[in-house]
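K.L.:
Quick one: the structure is below, questions incoming.
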Amino acid sequence: MAESPTSPAAAPAAERARPERLRASADLAYPFEPPTPDGAVVEVAPGILWARMPMPMALDHINVYLLRDGDGWTVVDTGLNLPASRELWEQIAATRLDGLPIRRLVCTHSHHDHAGLAAWIMERFDAELFMSYGEYFMLRHYAAPPPDPLPALHQSFYLRAGQDAEQIEHMFSSLRRNAFAPPVPQSYRRLRDGDRLTIGARQWQVVVGEGHSPEHVCLYNASERILLAGDQLLPRITSNVLVMPFEPEGNPLQLWLASLDRLNALAEDTLVLPSHQGVFRGLHARVQELHAHHHQQFDLLLRTLDERGPATAWELMQIQFPKRRGPMDDLMAMGEAIAHLSWLRHQGLVRRWLDDDGRHRFERPRQAPGAVATHDLSETHE
Ligand SMILES: [Zn+2]
């Protein structure tokens, strides 16, 4: 549990590195002006309030939602573990909730901006925490800083990716200074895909997504077509999807793209309540746009390999993410570049081998794609 090479606090950092790469969709509609991050709320449907918690980074806020729940409230996500967020929760509870208590907390996933105050809200408001199993244990895992020195297998993950020891140390020493590490909530109630949760008069279905985090919970109300989307569907930035050193052979983009397809089955006129940026309509258009974004990245990597010949993940990452602003961005960009390379490798479009200098190199296979099974490629060239 203590071997935590990556931190959820890094998620906003990667998003910070990337907005210029992404464009707002012409097909999305934003029916509400967002609330200011000072305790203001916007009612997006009867009994559903939208508030914002500030974050001290370029992605400067997270959306939280408050759902009237009989003689109390259920809240969704928490904000970072910072005094300013705690003060805002106090203010919202005192002025916006009709004098009724917060009884339940749903955390969509384990990242610090979503669950950083889970333990505090449980204690302060005597609220029950609802999460998926995977996210609850990731949250416990993230509570400890990365071990120092880094485990040898984690070190070798980045060495094989093409970085040197100094760069790796630089990334992780920055992560160890993370100021947002949350206290651990000591119990929770488990949400599973397909579960139904009654909140006030509404029924919500749990829809689990994968790829950005292991078992991310979205809540969907079919009768009014409202989706509490977390980071699973953001309107103008892409959520980071990373290969991490504790699962070096993972293919999280496969999981992410499949999760997007499951969300695409929901009604087109769904009101999407995301964790960052504006509440929007245009779910199908946004899913298509996110697919297109990743396929542009795949094409960029393939084109680069065609032009340059074999390359390491570190070299390719610099083509894919030329604008990085420090070691945290490097860490996120490495994980995301490897995620794209893993997807290509599992598709049989790229092959990888361990070179004499201890680095993985990637290249286009000489056979036509599909002529050799993906599994055989990885077996043959490791
Ligand atoms: Zn997240």
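The values are calculated or read from the model by the stated rules, or taken from the named source; none is laboratory data. Please read these numbers as outputs of a predicted model, since none were measured by experiment. Positions of Cβ are generated from backbone atoms using ideal geometry, with glycine treated the same way; all protein chains shown enter the neighbour counts.
K.L.:
When the residues of the range 237-255 are narrowed to those that are touching a residue at least 60 places away in the same chain (Cβ under 8 Å) and within 15 Å of the ligand (Cβ to nearest atom), which ends up surrounded by the fewest Cβ atoms within 10 Å (Cβ to Cβ)?
P.N.:
Restricting to residues being touching a residue at least 60 places away in the same chain (Cβ under 8 Å) and within 15 Å of the ligand (Cβ to nearest atom), the top hit is Met244.
K.L.:
Can I ask one more? Just the residues that are surrounded by fewer than 23 Cβ atoms within 10 Å (Cβ to Cβ) and part of a helix (DSSP H, G or I), please, taken from the range 306-339.
P.N.:
Asp306, Glu307, Arg308, Trp314, Glu315, Gln318, Ile319, Gln320, Pro327, Asp329
K.L.:
Residues of the range 261-277 being under 18 Å from Asn240 (Cα atoms) and crowded, with 21+ Cβ neighbours inside 10 Å, which ones?
P.N.:
Leu263, Pro274, Ser275, His276
K.L.:
Within the range 96-133, track down each residue that is out of contact with any strand residue (DSSP E or B) (no Cβ under 6 Å at 6 or more places or on another chain) and within 16 Å of the ligand (Cβ to nearest atom).
P.N.:
Ser110, His111, His112, His114, Ala115, Gly116, Leu117, Met131
K.L.:
Another question, then. Here is a list: Ala115, Ala94. Which entry is touching a Cys at 6+ places or on another chain (Cβ under 9 Å) and either within 26 Å of Arg196 (Cβ to Cβ) or not hydroxyl-bearing (Ser, Thr, Tyr) (or both)?
P.N.:
Ala115
K.L.:
Another question about this same structure. So which of Leu273, Leu255 is part of a helix (DSSP H, G or I), out of contact with any helix residue (DSSP H, G or I) (no Cβ under 7 Å at 6 or more places or on another chain) and assigned by TED's automatic domain parsing to the domain that holds Gly162?
P.N.:
Testing whether each residue is part of a helix (DSSP H, G or I), out of contact with any helix residue (DSSP H, G or I) (no Cβ under 7 Å at 6 or more places or on another chain) and assigned by TED's automatic domain parsing to the domain that holds Gly162 leaves just Leu255.
K.L.:
For the condition within 16 Å of the ligand (Cβ to nearest atom), under 26 Å from Arg286 (Cα atoms) and either in the same structural domain as Asp195 (by TED's automatic domain parsing) or at pLDDT below 95 (or both), what is the one hit in Tyr30, Tyr65?
P.N.:
Tyr65
K.L.:
For the range 220-235: of the residues being more than 11 Å from the ligand (Cβ to nearest atom) and assigned to a strand (DSSP E or B), which is surrounded by the most Cβ atoms within 10 Å (Cβ to Cβ)?
P.N.:
Restricting to residues being more than 11 Å from the ligand (Cβ to nearest atom) and assigned to a strand (DSSP E or B), the top hit is Ala229.
K.L.:
Any idea which of (1) within 21 Å of the chain's Cα centre (by Cα); (2) over 18 Å from Tyr65 (Cβ atoms) is the one Pro151 doesn't satisfy?
P.N.:
Result: Pro151 fails condition (1) only.
K.L.:
Now for a different question. Can you report the number of residues in the range 210-228 which are in contact with a helix residue (DSSP H, G or I) (Cβ under 8 Å, 6 or more places away or on another chain) and not charged (D, E, K, R)?
P.N.:
8
K.L.:
What number goes with the only condition from (1) in contact with a Leu (Cβ under 9 Å, 6 or more places away or on another chain); (2) buried (at least 18 other Cβ atoms within 10 Å of the Cβ); (3) not aliphatic (A, V, I, L, M) that Pro145 does not pass?
P.N.:
Of (1) in contact with a Leu (Cβ under 9 Å, 6 or more places away or on another chain); (2) buried (at least 18 other Cβ atoms within 10 Å of the Cβ); (3) not aliphatic (A, V, I, L, M), only one is false for Pro145: (2).
K.L.:
Still on this model: Give the residues of the range 58-100 that are within 21 Å of Leu139 (Cβ to Cβ), part of a loop (DSSP other than H, G, I, E, B) and more than 19 Å from the chain's Cα centre (by Cα), sorted by residue number.
P.N.:
Leu82, the sole residue that qualifies.
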